[in-house]
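Participant: Take a look at this one; I'll ask things after.
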Amino acid sequence: MDQAQGIRQMKDHKPVQVIAVTSGKGGVGKSNITINLAVSLAQQGQQVLVMDADLGLANLDVLLGLAPRYNMSHVLSGECSLEDIMVDGPAGIKIIPASSGVRSMADLSAAENAGIIQAFSELTIPVDTLLIDTAAGVNESVVSFVRAAREVIVVVCDEPASITDAYAMIKVMNRDFDVQRFHVLANQAHSIQQGRELYSKLARVADKYLDVTLDFIGSIPFDDYLKKAVQKQKCVIETYPRSPASMALRKIAQKTQNWPTPSSIEGHLEFFIERLITYSGQSEELRL
């Protein structure tokens, strides 16, 4: 099946909100935020699909105590379709698991990236929101997903390396790929004020050197209940719904629902796929 045939055969012909969650640096809680936002959106009536786009170090299934039989490597090899590898998560969300510990998945060629995205053309399940949990860093796969998404959430925490790497991510996406709008989320903040200060640090530098619009969408407080949920391999928003982290996550999920969903044909999932194939096939050099 060629690209045009795949797009024509898409069964889902309604606008989909595509949100990439990224960070620049690993270890800031990005995957945990992604899965909890997905569950919160599902609880608010959304049909949510989550893609683990960390192709070499998959961890969404680990966070939820799931044991998928198949993953993205089986789609790459042609053994399975995309729907074959999906697993059910909390609150009815669907998860596309990546592969873990498979070295060849960590550095896919442009053709292999395009092959994965082409598999999306076979999807028949309804989707309102597609959340993409990107890998850390700035590589071809991360760039492709961030460029193709309609909205981008950048997660930061109170570490110098987190702010530096988040800025590096924004700079590369803006300078080299003309992405101009980012939503900043502060994680593990000890106060509302600290969360806003983290955003302000990033915004001051970005405003000075880049042509970008940064939007502060809120902060997730440092919360022992979140740690307990992780230890139980559960999402905090279901396990401890009244915890400070859960309440903050619900507010952020509600904000994302207020973002405009594209009403034109360009908002359809097949056009996201088309953009992703195009961007995955480009071999522009990345320089920080």
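Participant: Going by the conditions given, is Ile117 surrounded by 20 or more Cβ atoms within 10 Å (Cβ to Cβ), at pLDDT 90 or above and not in a loop (DSSP other than H, G, I, E, B)?
Facilitator: No, not satisfied.
Participant: Out of segment 63-82, which residues are exposed (fewer than 14 other Cβ atoms within 10 Å of the Cβ) and either in contact (Cβ under 8 Å) with a residue 12 or more places away in the chain or more than 17 Å from Val230 (Cα to Cα) (or both)?
Facilitator: Of everything in segment 63-82, those that are exposed (fewer than 14 other Cβ atoms within 10 Å of the Cβ) and either in contact (Cβ under 8 Å) with a residue 12 or more places away in the chain or more than 17 Å from Val230 (Cα to Cα) (or both) turn out to be Gly65, Arg69, Ser77, Gly78, Glu79.
Participant: Based on what the data block shows, is Phe145 in contact with a Phe, Trp or Tyr (Cβ under 9 Å, 6 or more places away or on another chain), modelled with pLDDT under 90 and more than 25 Å from Gly24 (Cα to Cα)?
Facilitator: no
Participant: From the list Asp215, Asp224, Asp176, pick out the single residue that is surrounded by fewer than 19 Cβ atoms within 10 Å (Cβ to Cβ), more than 19 Å from Leu249 (Cα to Cα) and not hydrophobic (A, V, I, L, M, F, W, C).
Facilitator: Just one listed residue meets the conditions, Asp176.
Participant: Filter segment 38-62 down to the residues that are at pLDDT 90 or above and touching a Ser or Thr at 6+ places or on another chain (Cβ under 7 Å), then identify the one that is surrounded by the fewest Cβ atoms within 10 Å (Cβ to Cβ).
Facilitator: Ranking the candidates gives Gln46 first.
Participant: Residues to consider are Thr278, Thr261; find the one that is in a helix (DSSP H, G or I) and either surrounded by 16 or more Cβ atoms within 10 Å (Cβ to Cβ) or modelled with pLDDT under 90 (or both).
Facilitator: Within the list Thr278, Thr261, the selection yields Thr278.
Participant: Name every residue in segment 197-222 that is over 14 Å from Val184 (Cα atoms), in contact (Cβ under 8 Å) with a residue 40 or more places away in the chain and of a type in the set (Ser, Thr, Tyr), in order of residue number.
Facilitator: None - no residue of segment 197-222 is over 14 Å from Val184 (Cα atoms), in contact (Cβ under 8 Å) with a residue 40 or more places away in the chain and of a type in the set (Ser, Thr, Tyr), so the list stays empty.
The values are calculated or read from the model by the stated rules, or taken from the named source; none is laboratory data. What you see is a predicted model; the values in this text were computed from it and never measured. As a convention, Cβ positions derive from the backbone with ideal geometry for all residues, glycine included, and neighbour counts pool all protein chains shown.
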